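Following: one structure in structure tokens, then a few remarks.
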Amino acid sequence: MFLEVNNLNKKFNKEHVVEALSFELEKQKTLSILGKSGCGKTTMLKMISGLVNPDSGNVFLDGNEVTLLKPEQRNMVYLYQEDLLFPHLTIFENIAFGLRLKKINSKAIKDQVDQMAHSLELHNQLDKMPHQLSGGQRQRVSFGRAIIINPSVLLLDEPFGSLDSGTRQRMQSLFKNLTREYKITSLFITHDLKEAILMGDKIGFMQNGNLHVYESKQDFLNDPTTGVNQEINFWKSLQIEAGSELKNTINE
Amino acid sequence: MFLEVNNLNKKFNKEHVVEALSFELEKQKTLSILGKSGCGKTTMLKMISGLVNPDSGNVFLDGNEVTLLKPEQRNMVYLYQEDLLFPHLTIFENIAFGLRLKKINSKAIKDQVDQMAHSLELHNQLDKMPHQLSGGQRQRVSFGRAIIINPSVLLLDEPFGSLDSGTRQRMQSLFKNLTREYKITSLFITHDLKEAILMGDKIGFMQNGNLHVYESKQDFLNDPTTGVNQEINFWKSLQIEAGSELKNTINE
Amino acid sequence: MYKNWRAYVLPFLVLLVLFPFTYLLFLSLSGAWYYPDVLPKYFGLRNWRTILSSETGLLQSFLMSTGISLAVAIVSTLSGFFISKTVYYHPHKRILNLLAYLPYILAPVVFAACLSYFFLKLGLFGNVTGVITAQFLISFPYALIFFSSFWNERIKNYENLVSTLGGNTLDRYFKVLFPLAKGLLLVCFFQTYLISWFEYGLTSIIGVGKVQTITIKVFMFIKEANYFYGALSCCLLIFPPVVLLYINKKYVFKKIA
Amino acid sequence: MKILERPLLKNKTSATGILLFIVLGVLPFAAAFIYALLYSFGLVGVISSGFTTEFWVSVIKTGSFFKSLGYSAAIAGIAVFLSVVIALWLTLKFKSALENKFILMMVYMPLAIPGLATAFFIIQLLAKGGFLSRISYASRLINESNEFPDLVNDNLALGIILAFLTMIIPFFMLLFLNVYKNERIEDLRILAYSLGATSRQVRNKVVLPILLKKTRVLIALYFIFLLGSYEVPLILGQESPQMISVLVIQELKQYDLDKIPEGYVVAVMYTIIVAIAAVFLFLPRKREQYV
Amino acid sequence: DTKRTTLDLENTDWETLVDSTSGKTVNFMMWQGSPVINEYINNYVVPTVKERYGINLQISGGQGPEIVQLVIGEKQAGIAQGQVDMVWINGETFFQLRKLDGLWGPFVDKLPNSKYINFEDPFISVDFQQPVNYMESPWSISQFALFTDTLHVANPPKNLEELERFVKENPGTFTISNDFTGMTLLKSFMAELGGSPKSLDGKFDQEKYDRLSAKLWDFINRNKKYFWKSGETFPKEQTKMKQLFASGELKIAYGYGEGGIEENVRSGLFPNTVKGYAWDNGTIKNSNYLGILQNAPQKAAAMQVINFLISPEAQLKKASPESMNANMVLDIDRLPEAYQKLYAKTKTRKYGPSMDDLKEHVIQEPAPEYMIKLYEDFRTAVIEK
Ligand SMILES: Nc1ncnc2c1ncn2[C@@H]1O[C@H](COP(=O)(O)OP(=O)(O)OP(=O)(O)O)[C@@H](O)[C@H]1O
Ligand SMILES: Nc1ncnc2c1ncn2[C@@H]1O[C@H](COP(=O)(O)OP(=O)(O)OP(=O)(O)O)[C@@H](O)[C@H]1O
Ligand SMILES: NCCCCNCCCN
Ligand SMILES: [Mg+2]
Ligand SMILES: [Mg+2]
């Protein structure tokens, strides 16, 4: 297995936030993770990326233990839940940040960033400073900054939470393409069921500090506790409510 | 009309962000607003609440022009898109903030905050400082702090963006109940179609700096550009894909 | 009315700030200014000529002072910045913070009096190294505490962000921490520079009057009876930092406002 | 924060950092203190003749130490309080003006005046024979220099306090400006407004608490710094009571060499008292971890 | 290196002694607060000793207390090779350094130029009622005097009775500096209360001190409400008092060096109507000295420098009112004739009195204990009262 997490534990004061958490993930797969707010998702990602130290447990990447390595030695990128842009850098420089660290030549950086900005629909915003952007724009910058460096593992903490559905869809396919193209393995935290289903090769559900990974998507769809059925019912009822007129529209 | 917005305009540098924006809203109604990321939603709310000055145009509240009033004189509460908590106050004090301003006695404040914290599912977190909370928890604090003071107008900028679907649903009904009970008029920005439909008495769609408010929900559902049909199709296809097994689950 | 009031206060404050500089310069050019005259009977360069001719080696003193102060400011600002990070992120930062205050409890002159024994033993008496070390000992804690307010959760997140994007320690400092702390670094640099530039009591004890910084050279006159020379000495002390400030103004002010 | 991230790595850098901190920040102080302590009991010093408590007894008996400490604390307290108030007021009132480079330069400039020069200037300006007195005389407000009010070397330490104010107000302004920016106070201020706060409430419940909590360490530092200041009270103070450093140095440099240990007694007592006070002041209670 | 530098003065003649001083660096610690003194040292003494003897004379700033602190510190730390070779001191510091055994010597009788000094003169050979014993070389001699602006005060007080009347008529214009200078004035007052200029001569006498000081404190406390700041505080240093005089707050001030006003008038600090004058019962006269520290690394070179400083040439230059304006410590009659002629031609002072003017009113410096007691009691009996 490419990524293995063994029996991770974390307490804050007396609160057991992550408890005996274990799972595995194959290379180039995406694991979508759902879970109630405050259940420990962010803490888990931070432990995997090395930003928070687990009280116990291990993390293996490609067979090597990385539990105690520095974040920068893991070749994993953690994408913060809040859009944490560098306030002293322009949007261009924010996106280029990881590339600059690699001392790639400026011309190449410019090309890559411009292309990424196009995909992110941010090509008009490159000269702005972070505080001049809208919430969704900031989130996209943050996403672009992480993915542009083609990390072997990408840990995403609700990367598209502030996007409208259209933009969100385009970002989702961007993500899909890039992970495929660059063979990226990823964990993808989201609160959106649809997104979880679309993005994940596998789906995990986190509860009480523990992560349950479903054998297959079907298992997930079959689990009554996930809320999928409510969702389906909602849209179904809407269809009925909207009547034939809507039905026509849909079937066009 | 309780809230009237007339021909608002706002430019940032040369970017026309809000252009000739007008709409009206009746008392005690909620207007859901959808729109592409970066289309000007936040800017609009900030102008209505007085946090950003419009280049031109007027805002009327209950017949009185408020365009040039300071934010604190408008009796509107604007709920930031990013969770902006007071870093020097505990969660309890963050929620209590607006009540303390009103010089309500401590006992009453404690009761109200405790009750609100329960509804927000934050009763265990009251003694923490903001940086110790998860993203969704912070968002709920921010929401609770705004709604606890029963403002006559509430402007919400994606209040539930970081919540899992279960929590989100409970927060939605909390919102519904409170607006009904306290006769709150509100603008509700969201990227979630379902939420827009559920929360709004009316639904608006913002595009090119302009807001189009649909006459009825039906009109909205019938509009092919909103993305509703894709959503319905998705869940429908899921149902088909999942086959009979899933169907049973759903119909249970 | 409200607006008007403010429009007057600001120019007044500016005049208030400029007044001492102008007045001291004026006084240094004056002579024969007896009570109750509002203006002096003599105005010219006499005092300056007298002092510049009797104080040989003023230029060397000036250069040496600049060197000492730069060394002290750079070393204490940087070490204060780095060490304050470990101190204020440390689990026992409450105790450490308390310890950091201790050097302040003794006034520098008293501190010097108590430390001179050790400096003598270490051969740090009467030489530039000793003076730099001694001045560092009082400016370092200052810098350390100065940066305490900088370190917080958000800064930590930014730092982590660089790491997760593949940046090493150097990147963390040069790409994020230094730029974010630039304003504070500059203020601290300036303050520690001034602590060193103006330090008299400690320098005179540890330097035994042999390390003749510009301050040592001219402070005597301030304390003497002749206030025209006193004013002149003030000018010699004050104007170099002001010029420094002016030259760096573009650089200093960009990040602070 | 209880959370120790990545202990192995942290411990190495952390250990070096803490070690440097102890060596550079704590050790010299400890050495100086122990030296003073030994001196005060007659255990070191060229004219020492073995352990004795006579110097302690003598200092405690005369009581000038306690008077001096109280006097210093009052002056430093008043000066710090006024500086904070004035600096806050100026910073908040003129926040937008302070973005102007020239105005900002005006805030920086006073930092370039050392305490001794400030004291010197204040004497030239405010003494009975000073500039203001001459102007008052010329405009017939007074008929002789003696009628000019007592503003330096005076009972109320007005001159000292004024000097302190001019020295630290600019510093506090720069500090507040920085914190204002770093802590996103502008955003939080607007947020508070929208929650219905009046200007006054925004100031008292958001802006000031955040500014003060973030800077209280430095404010306390300046209190201690003023408490122990030397040059300014030396020039602008009166002979009795005197500020504490002036007293210590006077004792250390006194003509009667046999009494020098009394200076160290004063220094030791002062250090102990302020250290105890510092424990109460700076050891923040666990709950207030936002610093 | 811990090797103690010693010189065998007994068995070495001057030529051998100074033979190897060329190229040596001598550290001279002195008070540097006056441009005319600095001018004399920096532009005359330093280049001259360099040129003539090849000695690098380094000046470091510091006076009595700093010197004493340094000696105490180095003694404690057992420093054999000290930082400073020679020092400029007066009786107060001499007393302290003797107590600390910090001075090296006797060496003065070895200096060739010491032959011009009259060691019979008690104002030279006795410092604070202590025999100098060639442990320090006299450098200048001076007398204490008072001064006033004759434009405003035509008849300044010359005894305690007149002073009492004066302060009542001119409240706030007289004070006593709480330092060496002020205490020296108090000693003169005490001598007056004792009935004669000689009343404090001899060893310290506790009974005499108690009796006279009681009278003195009574006089001061009775009148201090008419002093500067109503006697609630006193200037810490004599320089402060001079500033107050210069700015017009005080009408009478005083100091060593016959008041030390010549330079102040010349530089424009005091108006040219300021004149020094004598006190009826006399004021203290004494010398100030150059000493070599016990652990001085360059004792021979320091001797060479001191020998130069007491040479007729250097002394004559220093005596000029336009230079340091310090009285020669040399006996005119012993000088070579050429220098006697030159001396006769030196300009006289315009503003300060000469020592000749004051010679009728001379008091010898009393025993050091008087100073110690006065310091302490002035604080407890006057300032803190
Ligand atoms: N201070 C500013 N300076 C310059 N441009 C700005 C500023 N604030 C907003 N903008 C620009 O205005 C446009 C609208 O921003 P706004 O925040 O209103 O968008 P939004 O609809 O809220 O988007 P989102 O859904 O992503 O939050 C964006 O292109 C943004 O970059
Ligand atoms: N530094 C901290 N100190 C104390 N408690 C903390 C700290 N960080 C997180 N917690 C607590 O740990 C729990 C899990 O937090 P975490 O951020 O992992 O949740 P999450 O699953 O990411 O939630 P969300 O979906 O809301 O972002 C929460 O109850 C939170 O309050
Ligand atoms: N003990 C050192 C304290 C430093 C305080 N700096 C004040 C600078 C004012 N210009
Ligand atoms: Mg989270
Ligand atoms: Mg927005």
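The values are calculated or read from the model by the stated rules, or taken from the named source; none is laboratory data. Please read all numbers here as calculations on a predicted model, not as lab measurements. FYI the Cβ positions are ideal-geometry reconstructions off the backbone, even for glycines, and counts take in every protein chain you see. Note: areas computed on protein heavy atoms with side chains; ligands, DNA, RNA excluded. Shrake-Rupley method; radii C 1.70, N 1.55, O 1.52, S 1.80 Å.
Data overview
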read-out: Given (1) outside any loop (DSSP other than H, G, I, E, B); (2) modelled with pLDDT of 90 or more; (3) farther than 19 Å from A:Ser37 by Cβ, number of the condition A:Lys236 does not satisfy; value: (2)
read-out: In region A:88-109, the residues that are loosely packed, with under 14 Cβ neighbours inside 10 Å and free of Cβ contacts under 8 Å to residues at least 24 places away in the same chain; value: A:Lys103, A:Asn105, A:Ser106, A:Lys107, A:Ala108
read-out: Those residues of region D:18-38 which are more than 8 Å from chain C (Cβ to nearest Cβ) and touching a residue at least 60 places away in the same chain (Cβ under 8 Å), in sequence order; value: D:Leu37
read-out: Sole residue being of a type in the set (A, V, I, L, M, F, W, C) and either facing another protein chain (nearest Cβ under 8 Å) or crowded, with 24+ Cβ neighbours inside 10 Å (or both), chosen from B:Leu126, B:Leu79; value: B:Leu79
read-out: From the options C:Gly201, C:Gly209, residue that is surrounded by fewer than 23 Cβ atoms within 10 Å (Cβ to Cβ) and within 14 Å of chain E (Cβ to nearest Cβ); value: C:Gly201
read-out: Number of the exception - B:Cys39 against (1) assigned to a loop (DSSP other than H, G, I, E, B); (2) closer than 22 Å to D:Leu191 by Cα; (3) not small (Gly, Ala, Ser); value: (2)
read-out: Residue count, region C:153-186 (criterion: within 20 Å of D:Tyr180 (Cβ to Cβ), facing chain A (nearest Cβ under 7 Å) and of a type outside the set (Phe, Trp, Tyr)); value: 2
read-out: Residue satisfying condition, being within 25 Å of D:Gln242 (Cα to Cα), under 17 Å from the mean Cα position of the chain (by Cα) and not in a strand (DSSP E or B), within set E:Lys229, E:Lys242, E:Lys224, E:Lys236; value: E:Lys242
read-out: Enumerated helices (runs of 4 or more DSSP H) restricted to region E:1-106, each holding at least 2 residues that are open to solvent by less than 10 Å² (accessible area, probe 1.4 Å); value: E:35-40, E:64-77, E:91-99
read-out: Any hit, region E:257-278, residues being crowded, with 23+ Cβ neighbours inside 10 Å, on the phi > 0 side of the Ramachandran plot, in a loop (DSSP other than H, G, I, E, B) and within 14 Å of chain C (Cβ to nearest Cβ); value: yes
read-out: Candidate set from region A:149-173 (those that are within 21 Å of B:Thr226 (Cα to Cα), more than 9 Å from every other protein chain (Cβ to nearest Cβ) and open to solvent by 20 Å² or more (accessible area, probe 1.4 Å)); member that is nearest to ligand 3 (Cβ to nearest atom); value: A:Arg170
read-out: Subset of region A:129-148 (residues that are hydrophobic (A, V, I, L, M, F, W, C) and either open to solvent by less than 10 Å² (accessible area, probe 1.4 Å) or within 22 Å of A:Gln169 (Cα to Cα) (or both)); value: A:Leu133, A:Val141, A:Phe143, A:Ala146, A:Ile147, A:Ile148
read-out: Conditions (1) open to solvent by less than 50 Å² (accessible area, probe 1.4 Å); (2) under 30 Å from C:Phe81 (Cα atoms); number of the one not met by D:Leu69; value: (2)
read-out: Leading residue by the ranking (most open to solvent (accessible area, probe 1.4 Å)) among those in region B:2-18 that are part of a loop (DSSP other than H, G, I, E, B) and within 14 Å of chain A (Cβ to nearest Cβ); value: B:Lys14
read-out: Every residue from region B:19-41 that is within 12 Å of another protein chain (Cβ to nearest Cβ), in contact with a helix residue (DSSP H, G or I) (Cβ under 7 Å, 6 or more places away or on another chain) and open to solvent by less than 30 Å² (accessible area, probe 1.4 Å); value: B:Ile33, B:Leu34, B:Gly35, B:Ser37
read-out: Yes/no for E:Val382 being in contact with a Phe, Trp or Tyr (Cβ under 8 Å, 6 or more places away or on another chain), more than 14 Å from chain D (Cβ to nearest Cβ) and of a type outside the set (Asp, Glu); value: no
read-out: Contacts under 7 angstrom Cβ, first residue in region A:150-167 being without any contact (Cβ under 8 Å) to a residue 12 or more places away in the chain, partner within 16 Å of ligand 1 (Cβ to nearest atom), 6 or more apart; value: A:Ser165/B:His191; A:Ser165/B:Leu193; A:Ser165/B:Gly227; A:Gly166/B:Lys36; A:Gly166/B:Gly227
read-out: Failed item in (1) open to solvent by less than 10 Å² (accessible area, probe 1.4 Å); (2) over 28 Å from C:Leu52 (Cβ atoms), with C:Leu232 passing the rest; value: (2)
read-out: Answer residue from region A:195-243, given it is within 14 Å of the chain's Cα centre (by Cα) and within 29 Å of B:Asp219 (Cβ to Cβ) and is most open to solvent (accessible area, probe 1.4 Å) among those; value: A:Leu198
read-out: Residue within region E:192-199 that is crowded, with 23+ Cβ neighbours inside 10 Å and either of a type outside the set (A, V, I, L, M, F, W, C) or within 14 Å of chain D (Cβ to nearest Cβ) (or both) present; value: yes
read-out: Every pair of residues 6+ apart whose Cβ atoms lie under 9 Å, when the first sits in region E:27-54 and is within 14 Å of C:Ile216 (Cα to Cα) while the second is of a type in the set (Lys, Arg); value: E:Met29/C:Lys210; E:Gln32/C:Lys217; E:Gly33/C:Lys223
read-out: Residues satisfying the stated conditions in region D:96-120, i.e. closer than 26 Å to C:Pro40 by Cβ and open to solvent by 20 Å² or more (accessible area, probe 1.4 Å); value: D:Pro110, D:Ile113
read-out: Residues of region D:209-228 satisfying the condition of being among the aromatic types (Phe, Trp, Tyr) and more than 10 Å from ligand 3 (Cβ to nearest atom); value: D:Phe223
read-out: Considering residues of region A:136-164 that are within 16 Å of ligand 2 (Cβ to nearest atom) and under 17 Å from A:Ile95 (Cβ atoms) only, the residue nearest to the chain's Cα centre (by Cα); value: A:Leu156
read-out: Tabulated pairs, region D:196-225, first open to solvent by less than 60 Å² (accessible area, probe 1.4 Å), second of a type in the set (Lys, Arg), C-beta under 8 angstrom, 6+ apart or interchain; value: D:Gly196/B:Lys102; D:Ala197/D:Lys205; D:Val202/D:Arg189; D:Val206/D:Arg189; D:Val207/D:Arg189
read-out: Residues of region E:164-210 that turn out to be in contact (Cβ under 8 Å) with a residue 24 or more places away in the chain and part of a helix (DSSP H, G or I), as a count; value: 19
read-out: Selection within region D:130-173 - acidic (Asp, Glu) and within 11 Å of chain C (Cβ to nearest Cβ); value: D:Glu144
read-out: Selected residue (criterion: farthest from ligand 1 (Cβ to nearest atom)) from residues of region D:106-129 that are under 27 Å from the mean Cα position of the chain (by Cα) and not in a helix (DSSP H, G or I); value: D:Ala127
read-out: Residue within region C:15-27 that is over 19 Å from D:Phe120 (Cβ atoms) and either of a type in the set (Lys, Arg) or away from chain D (no Cβ under 11 Å) (or both) present; value: no
